[in-house]
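Read the structure below first, then the notes.
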Amino acid sequence: MWASTVSLDERTVRLTLKQPDVTIKDELAQYFNGIVPTDYNPKKPVGAGPFMFESFTPGQESRFVRNPNYWREGEPYADEIVIIDFPEASARVNALLGGQVDAIDDVPFGQVPVVEGNANLKILEAPSGGWLPFTMRIDAAPFDDVRVRQAMRLLVNRQQMVDQALAGHGTVANDLYSPFDPCYASDLPQREQDIDQAKSLLRQAGQSDLTVDLQTADVAAGLLEAAQVIAEQAKAAGVTINVKKLDSGTFYGDNYLKWTFAQDFWGSRPYLQQVAAGSLPDSAYNETHWPPDSTFLNLIAEAKRTVDENKRCELLHQAQELEYNEGGHIIWGFFNHVDAHSAKITGLVPDRGTLPLNQYGFSHVSFVE
């Protein structure tokens, strides 16, 4: 990414990049990146956060104790944070209902009424840019024909999908990700279900009786429900979608990112960071396989070199319009982060952060007895 680094003083580093890249600051700020010393020991991590690492038992729990040297005076209020790993969502909810834990993330949407009906608990809900796409490989039949991809996006009744797959805990999307990005193409017409047009496009493509397998797994709230909903909606256009529920090991096995038609889940990211993560030939999670010589990729490369924000947004608008018309994602909605906690906890506030419970303020939570 960069050719050299120079330490200017104890708090300043100059990076010389191999090529211009306006996303460098955002890339370095991603939650999965960090600055660590050269002798960093992952078994004894250090940091400047409100809590210090104490122990980690894989698959069971992590323990963190109050950092007495935290830079915010008086915080954190809690002496200890224990994160418990639960293999199933139902076990996580039952632990909260039974008082074994004080807070949980990712409440299954169908369990929200159960939590809301308990006077000792509170729901913490926030909109996000998180999305559960259907992924179509642009370079594999039948989705190598853009008319088929366009038809598939027209099969979806998006509000019905949000209502049923997310139990209403989300917002309708428009086949584009990164809705909080300042360059988000919000002016593109909202795509609606159009069965007649879908049939026409499939007929033109010679796919009037299209049958496809949809590979999925129970790896995110709403994913399986969305698969069932689209399979039902597709019948109106004469399309048969065979939902293939796989175990997570098989889904993320050798064929992951190679499936012709599948599902996945993503959190909120700025547009160029999302493209880098999942839409380039060398992306770690290249799901849709844009051709390496495509106009889309050329626009992205030019945008990363463009310092002027207005000009960069113009380029990204063109790129998003290409994704909207020709891309391999069906992006029908953005899910809310739905978490829950004991009513004894105060200080947690909703946030549209990347991860559930990530930005809700555990550094300043307290308990009311």
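The values are calculated or read from the model by the stated rules, or taken from the named source; none is laboratory data. Keep in mind that what you see is a predicted model, and the values were worked out from it rather than measured. Cβ sites come from the backbone with ideal geometry, for glycine too, and all protein chains shown count toward neighbours.
Taken together, the criteria place residue 101 among residues that are in contact with a Lys or Arg (Cβ under 9 Å, 6 or more places away or on another chain) and either buried (at least 16 other Cβ atoms within 10 Å of the Cβ) or assigned to a strand (DSSP E or B) (or both).
Kindly indicate the residue of the stretch 188-231 that is of a type in the set (D, E, K, R) and touching a residue at least 12 places away in the same chain (Cβ under 8 Å) and also farthest from residue 313 (Cα to Cα) among those meeting that condition. Give the steps one after another, and end with the answer.
First, pick out the residues of the stretch 188-231 that are of a type in the set (D, E, K, R): 191-192, 194, 196, 199, 203, 209, 213, 218, 225.
Right, trim to touching a residue at least 12 places away in the same chain (Cβ under 8 Å) and you get 191-192, 194, 199, 209, 213, 218, 225.
Details: 191: 22, 192: 25, 194: 30, 199: 34, 209: 40, 213: 37, 218: 36, 225: 35 Å.
Per the criteria, the residue is 209.
One line per residue, one yes/no per condition, for (1) of a type in the set (Asp, Glu); (2) touching a Leu at 6+ places or on another chain (Cβ under 8 Å); (3) crowded, with 18+ Cβ neighbours inside 10 Å; (4) under 29 Å from residue 262 (Cβ atoms):
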{"position": "286", "(1), (2), (3), (4)": "no, yes, no, yes"}
{"position": "297", "(1), (2), (3), (4)": "no, yes, yes, yes"}
{"position": "302", "(1), (2), (3), (4)": "yes, yes, no, no"}
{"position": "331", "(1), (2), (3), (4)": "no, yes, yes, yes"}
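Give the stretch 41-66 a look and list any residue that's of a type outside the set (Gly, Ala, Ser) and loosely packed, with under 12 Cβ neighbours inside 10 Å, or say none. Let's see the steps before the verdict.
Looking only at the stretch 41-66, we keep the residues that are of a type outside the set (Gly, Ala, Ser), and these are 41-46, 50-54, 56-58, 60-61, 63-66.
Residues satisfying the conditions are 41, 42, 43, 44, 46, 57, 58, 60.
Taken together, the residues in the stretch 1-58 that are under 30 Å from residue 86 (Cβ atoms) and in a loop (DSSP other than H, G, I, E, B) amount to 19. Would you confirm whether any residue within the stretch 179-200 is outside the structural domain of residue 23 (by TED's automatic domain parsing), buried (at least 20 other Cβ atoms within 10 Å of the Cβ), within 23 Å of residue 268 (Cα to Cα) and in contact with a Cys (Cβ under 8 Å, 6 or more places away or on another chain)? Within the stretch 179-200 (the criterion being outside the structural domain of residue 23 (by TED's automatic domain parsing), buried (at least 20 other Cβ atoms within 10 Å of the Cβ), within 23 Å of residue 268 (Cα to Cα) and in contact with a Cys (Cβ under 8 Å, 6 or more places away or on another chain)), the answer is yes, since at least one residue qualifies. Screening residue 93 against (1) of a type outside the set (Lys, Arg); (2) within 21 Å of residue 169 (Cα to Cα); (3) at pLDDT below 90 leaves a single unmet condition, (3). Against the conditions (1) closer than 30 Å to residue 98 by Cα; (2) under 14 Å from the mean Cα position of the chain (by Cα), residue 277 satisfies every one except (1).
Residue 107: touching a residue at least 60 places away in the same chain (Cβ under 8 Å) and assigned to a helix (DSSP H, G or I), yes or no?
no
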